[in-house]
1. May I ask you to list the residues in the stretch 84-99 that are open to solvent by less than 30 Å² (accessible area, probe 1.4 Å) and among the charged types (D, E, K, R)?
2. Do we find that L132 is aliphatic (A, V, I, L, M), at pLDDT below 95, open to solvent by 40 Å² or more (accessible area, probe 1.4 Å) and part of a helix (DSSP H, G or I) in this structure?
3. So, in the stretch 55-68, of the ones that are among the small types (G, A, S) and touching a Phe, Trp or Tyr at 6+ places or on another chain (Cβ under 8 Å), which residue ends up least open to solvent (accessible area, probe 1.4 Å)?
4. Within the stretch 29-118, which strands (runs of 3 or more DSSP E) (wholly inside it) include 1 or more residues that are of a type in the set (S, T, Y) and in contact with a strand residue (DSSP E or B) (Cβ under 9 Å, 6 or more places away or on another chain)?
5. Would it be correct to say that D153 is surrounded by fewer than 14 Cβ atoms within 10 Å (Cβ to Cβ), at pLDDT 75 or above and among the acidic types (D, E)?
6. Only one residue in S71, S81 is at negative phi, over 16 Å from the mean Cα position of the chain (by Cα) and surrounded by 12 or more Cβ atoms within 10 Å (Cβ to Cβ). Which one?
7. List, please: which pairs have Cβ atoms under 7 Å, are six or more places apart or on different chains, and start with a residue in the stretch 182-193 that is open to solvent by less than 20 Å² (accessible area, probe 1.4 Å) and end with one that is of a type in the set (G, A, S) and outside any loop (DSSP other than H, G, I, E, B)?
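The values are calculated or read from the model by the stated rules, or taken from the named source; none is laboratory data. This is a predicted model, so every value here is computed, not measured. Note that each Cβ is placed from the backbone with ideal geometry, even for glycine, and that neighbours are counted across all protein chains shown. When the accessible area is computed, the model is the full protein with side chains, heavy atoms only, and any ligands, DNA or RNA have been set aside. Shrake-Rupley method; radii C 1.70, N 1.55, O 1.52, S 1.80 Å.
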Amino acid sequence: MPIRRWTTAGRIEQHGHDERKKCGRFAERRRRYLGWFQGGFANCGATHANIAGAASNDYIAHHQPFQFYASTANPHHLPPSSVSGIGMDDEANHQYDIADFWNAAGAGMLPSVSFLKAPSYQNGHAASSDPLDEQSFLVFTINALQSLPQWKDMAIVIAYDDSDGWYDHVAPPIVSGSKTAFDALSGPGACASLPRGSIQAVAGMAPGCRC
């Protein structure tokens, strides 16, 4: 079944399944095409406290997907050559601090595709953040983007983690509970009650309920 996509000229073209490409590959058609912007990337030692007062490092290394591949890695966290170089091919290799995103936005030079990863205290993960800090990041970001001249041409996609977070702020039902040192959802060493027949952790593996 053919799929439809926009061309850079604003037209819709149809392509077969074999021509599907990653968004980064598609964005490469544009001169200023791609950027990953993450809190703390420019200063890995920077910390902030969340609304509850718990401090954490802004930068979380394993949240940076492009660092896992040699072709897209920026292991020394080199900055862009200039604001005009953001989104271009230079020593930053399309990886930036969130401050670089706003510098590019203010100069009218945002990449065609931008990924934003909040600093740890605002990223919605239960260990370091919370819904209020997360919402502060989202509201600030969206309001600021709406004030830009380019807003009429933008689309925003908000992606949530599928586990280990706040479950989109509504906890799902627990199908298979467990009670081991690995658990912590409903209390220390507990993930709800333990139904008869549930499988506990074996040989260091995670229990049946991922908490």
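1. Within the stretch 84-99, the first condition is being open to solvent by less than 30 Å² (accessible area, probe 1.4 Å), and the residues that meet it are 85-87, 92, 94-98.
Result: D97, single match.
2. Yes; evaluated as a whole, the condition is true for this residue.
3. Here is the first cut: in the stretch 55-68, the residues among the small types (G, A, S) are 55-56, 61.
If we keep only those that are touching a Phe, Trp or Tyr at 6+ places or on another chain (Cβ under 8 Å) too, we end up with 55-56.
Values: A55: 78, S56: 24 Å².
In this case the residue turns out to be S56.
4. Working: elements: 34-38, 47-49, 55-57, 95-97, 113-117.
Result: 47-49, 55-57, 95-97, 113-117.
5. Working: surrounded by fewer than 14 Cβ atoms within 10 Å (Cβ to Cβ): yes; at pLDDT 75 or above: yes; among the acidic types (D, E): yes.
Against the criterion (surrounded by fewer than 14 Cβ atoms within 10 Å (Cβ to Cβ), at pLDDT 75 or above and among the acidic types (D, E)), D153 qualifies.
6. Numbers: S71 fails: surrounded by 12 or more Cβ atoms within 10 Å (Cβ to Cβ).
Result of the check over S71, S81: S81.
7. Matching pairs, first to second residue: D183/A190; C191/S178.
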